[in-house]
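Data first, discussion second: the structure below is written as structure tokens.
The values are calculated or read from the model by the stated rules, or taken from the named source; none is laboratory data. Everything numeric here is computed off the predicted structure, so don't read it as measured data. FYI the Cβ positions are ideal-geometry reconstructions off the backbone, even for glycines, and counts take in every protein chain you see.
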């Protein structure tokens, strides 16, 4: 079957087709989970020559390790509570959400818990489960991580919600015994970043790998803080270090100071410099979040890689005022520049032409005026 790239579609057609494909995929996934549940109940993988449903899904259905793990967990949960299938189809629950919820679902609480988990992200769901089923704090420890072998990495341990003994045989409420799932190995190509796991309300387990130099700095900080932190608790020391770091970054990046100047320094007209009082006001107004709003009213939720953006571009007379400066993430700052001025061609801009979206510029309060740019025709934006 040949799949062609939909390059001939208009923007509106592409969005419509994309939404339809996503809806069809959700329905197909729910159907796959339903059939997998019945297939599992009948244990048909044994007749097909596979010792486990996991092996059958990998070899015959061609699913990845993690896709198989999620779908089998969802299938077994849906066998007990069929309402899960409808929630998978309408996108109120994801496969990952069902996997996380499955160990906690009972006949008494499943309706309430599934409703509470509706449309939550993985992190939000972990927070919910930590409130409902709190776990004890993880003891502080610093240990040396063994060197990774040069050959294929060893399989990781099963997730915390999985049965404690992977070798034992589960007994399904539906009747026949169900073979255990073995957590798939972690892909070697994916970097392992910091892992934050909610344990209880306002309590988290945070794990990361540090260098020997970082370990040494921690030991020095523990020694210097023995009078105020006798236990040398790494959590307390890291909290203090982060507080000091945020205070420093707030001064250098956000211009936040304890005692602002009573008479702010004036910025020369036409200067690209953004005054500190403008940065502080813009950051507070935009809530430390990208302020880009799409045509349908959706606002970008990004809080990282933020930049100060001229609503009316500096190149066409935009001033560094609170009314003309907004926060943008790096992606949307670049996007608005490209839309406003046009994409930069491969010649580096010698024949740059504004081929952006005129309706976008007009909706922002500008009109496009024909103008020669470089050696080619173009357009400039003029404030209304």
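Mind counting the residues in segment 88-111 that are in a helix (DSSP H, G or I) and under 21 Å from residue 199 (Cα atoms)?
So the count comes out to 9.
Look through 12, 16, 68 and report the one residue that is crowded, with 16+ Cβ neighbours inside 10 Å and not in a loop (DSSP other than H, G, I, E, B).
68
Among the residues of segment 276-301, write down those that are modelled with pLDDT of 90 or more and part of a loop (DSSP other than H, G, I, E, B).
Result: 287, 288, 289, 290, 291, 292, 300.
Could you tell me whether residue 380 is modelled with pLDDT under 50 and buried (at least 17 other Cβ atoms within 10 Å of the Cβ)?
Here the answer is yes, as residue 380 does meet what is asked.
Could you run through segment 24-64 and say how many residues are closer than 21 Å to residue 95 by Cα and assigned to a helix (DSSP H, G or I)?
25
Test residue 238 against the criterion of being out of contact with any helix residue (DSSP H, G or I) (no Cβ under 6 Å at 6 or more places or on another chain), outside any helix (DSSP H, G or I), closer than 30 Å to residue 284 by Cα and at pLDDT 80 or above, and give yes or no.
no
When you scan segment 127-143, how many residues do you find that are in contact with a helix residue (DSSP H, G or I) (Cβ under 7 Å, 6 or more places away or on another chain) and within 17 Å of residue 235 (Cα to Cα)?
Of the residues in that region, 2 qualify.
Among (1) closer than 30 Å to residue 134 by Cβ; (2) more than 26 Å from the chain's Cα centre (by Cα), there is one condition residue 40 misses while meeting the rest; what is its number?
Looking at each condition in turn, residue 40 falls short on (1).
With the requirement that a residue be closer than 27 Å to residue 313 by Cβ, in contact with a helix residue (DSSP H, G or I) (Cβ under 9 Å, 6 or more places away or on another chain) and modelled with pLDDT of 85 or more, what does segment 241-275 give you?
The answer is 274, and nothing else.
Which condition number in (1) within 26 Å of residue 87 (Cβ to Cβ); (2) in contact with a strand residue (DSSP E or B) (Cβ under 9 Å, 6 or more places away or on another chain) is the one that residue 39 fails?
For residue 39, the failing item is (2).
Has segment 330-349 got at least one residue that is modelled with pLDDT under 55, touching a helix residue (DSSP H, G or I) at 6+ places or on another chain (Cβ under 7 Å), surrounded by 15 or more Cβ atoms within 10 Å (Cβ to Cβ) and assigned to a loop (DSSP other than H, G, I, E, B)?
Checked segment 330-349: no residue is modelled with pLDDT under 55, touching a helix residue (DSSP H, G or I) at 6+ places or on another chain (Cβ under 7 Å), surrounded by 15 or more Cβ atoms within 10 Å (Cβ to Cβ) and assigned to a loop (DSSP other than H, G, I, E, B).
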